[in-house]
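The values are calculated or read from the model by the stated rules, or taken from the named source; none is laboratory data. Computed from a predicted structure; not experimentally measured. Glycine gets a Cβ as well: all are built from the backbone with ideal geometry, and neighbour counts include every protein chain shown.
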Amino acid sequence: MKHNKPKSLTEYQQYFENLYGNINNERDWVDIYGYLSRTTGYLTRSVIKKTAIAQDFIRPISWLFALSSKLDISVEDSFLKKFPNSCPYCIEPVCCCFKTNKKPKEEILPYKIKEKQAERYDAISRFGDKNFEWSLRNISGIYPNNEVIWHFSGPWMTCSKLFEEVAELHEAIDKFNIGSKSKENVEEEVADVLAWILSAWIGSNTGTCLDDEIVNYFYDECPVCNVNPCECKQGDARIQGLVDPSKFAELRVLFEELEKLSPDASSDIQELITSLKEVETTQDEVVATAAIKDVESKFQSFKAKLATTEDITKKLASIGKSVMALLGSFA
């Protein structure tokens, strides 16, 4: 992707389809929705903990694109139709729904609201590329109050609304499949999900460019199997919320290497190694939580007793970094 940076949401959607289309053809929409729901859950968790990184946003975005492609829906068109530089309820360029109770500010017949929004969509869709940075400016311009609410009250409203829209998207697809909802209804929910993910990005204020982060993450290939088109098998997605035994194995190896450098601390280190092996074997969340807390406590107490050679100092730094990463997962 890096050599041909997408200029619009449509180009992003096409890139994801080229990269993941083969494997997603083997999935039904419910499977893909499941990944969207899962990654959204982990996004909101990290946002609330203030530990969110770009990848936490990128994953649900990519699954939203995958789901839309499965349903033959254009994410860009859906987003522009719902948010053509104006709020879909009060139809103002800066939302004033808190004053109008989600009704148009100007007197207008209800059936003409869609007509007015369609005119705006036609106007903005003709000019310029609509990438993620444009989309962020669009949402931020329409809903500046969301940033104020986030600043004073935290991310709870945004996270709650995102969960709500993900749920409504599932319901809309389900009802569309039995003929009681239209495809346009599904498109509106796709737009809402994207809008609230973008709102979470704005509130988190990562200080980075979302377009650049997406390009860097995928960099011409799937970040899991490192192949383009993706050759991942079913269930190959990275572990995000459950116990990842490989992370504990990495930490165990570091302690084993430290033990060789510091035989005087062997008994303390061996206890930690045994606990980490138990996590690798059971993959039990309770055991993992207790183990990493124990590692943190004992590591801090015995590292002061170790000799301060260059090798030991480097190993302690690596262990400290690994421990902090795991603590973040089980906080």
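All but one of (1) in the same structural domain as Asp56 (by TED's automatic domain parsing); (2) closer than 26 Å to Leu316 by Cβ hold for Glu271, so report the exception by its number.
So the condition that Glu271 fails would be (1).
May I ask you to list pairs of residues, at least six apart or on different chains, whose Cβ atoms are under 6 Å apart, with the first in the stretch 186-198 being in the same structural domain as Lys175 (by TED's automatic domain parsing) and without any contact (Cβ under 8 Å) to a residue 60 or more places away in the chain and the second being of a type outside the set (Asp, Glu) and assigned to a helix (DSSP H, G or I)?
Every condition considered, the pairs that remain are Glu189/Leu169; Glu189/Ala172; Trp196/Lys161; Trp196/Leu162.
What is the residue count in the stretch 302-331 for residues that are closer than 27 Å to Ser46 by Cα, loosely packed, with under 15 Cβ neighbours inside 10 Å and either among the charged types (D, E, K, R) or at pLDDT below 75 (or both)?
Counting residues in the stretch 302-331 that are closer than 27 Å to Ser46 by Cα, loosely packed, with under 15 Cβ neighbours inside 10 Å and either among the charged types (D, E, K, R) or at pLDDT below 75 (or both) gives 7.
Filter the stretch 122-155 down to the residues that are in a helix (DSSP H, G or I) and over 17 Å from Leu194 (Cα atoms) and list them by number.
If the condition is that a residue be in a helix (DSSP H, G or I) and over 17 Å from Leu194 (Cα atoms), then Asp122, Ala123, Ile124, Ser125, Asn145, Val148, Ile149, Trp150, His151, Phe152, Ser153 are the ones that fit.
So how many residues does the stretch 139-184 have that are closer than 25 Å to Gln117 by Cα and β-branched (Val, Ile, Thr)?
Number of matching residues: 5.
Given the conditions (1) under 24 Å from Asp212 (Cβ atoms); (2) surrounded by fewer than 19 Cβ atoms within 10 Å (Cβ to Cβ); (3) of a type in the set (A, V, I, L, M, F, W, C), which single one is not true for Val30?
Single failed check for Val30: (1).
Which of the residues spanning the stretch 80-121 are in a helix (DSSP H, G or I), over 15 Å from Ala195 (Cβ atoms) and of a type in the set (S, T, N, Q)?
Thr100
Cβ-Cβ below 7 Å, separation at least six or inter-chain, first residue in the stretch 91-120 and in contact (Cβ under 8 Å) with a residue 40 or more places away in the chain and assigned by TED's automatic domain parsing to the domain that holds Val148, second of a type in the set (A, V, I, L, M, F, W, C) and in a helix (DSSP H, G or I): which pairs?
Cβ pairs passing all conditions: Pro93/Ile142; Val94/Ile142; Cys95/Ile142.
Keeping to the stretch 137-161, report how many residues are surrounded by fewer than 15 Cβ atoms within 10 Å (Cβ to Cβ) and either of a type in the set (Phe, Trp, Tyr) or not assigned by TED's automatic domain parsing to the domain that holds Phe79 (or both).
2
So, Asp77, is that one assigned to a loop (DSSP other than H, G, I, E, B), within 24 Å of the chain's Cα centre (by Cα) and surrounded by fewer than 20 Cβ atoms within 10 Å (Cβ to Cβ) or not?
no
Name the residues in the stretch 98-147 that are acidic (Asp, Glu) and over 23 Å from Glu213 (Cα atoms), would you?
Glu106, Glu107, Glu115, Glu119, Asp122
Within the stretch 63-70, does at least one residue satisfy the condition of being closer than 18 Å to Leu169 by Cα, surrounded by 22 or more Cβ atoms within 10 Å (Cβ to Cβ) and in contact with a Lys or Arg (Cβ under 8 Å, 6 or more places away or on another chain)?
Looking for residues that are closer than 18 Å to Leu169 by Cα, surrounded by 22 or more Cβ atoms within 10 Å (Cβ to Cβ) and in contact with a Lys or Arg (Cβ under 8 Å, 6 or more places away or on another chain), one finds none in the stretch 63-70, hence no.
Which residues, taken from the stretch 274-300, are within 14 Å of Leu316 (Cα to Cα) and in contact (Cβ under 8 Å) with a residue 12 or more places away in the chain?
Scanning the stretch 274-300 gives Val295, Glu296, Lys298, Phe299.
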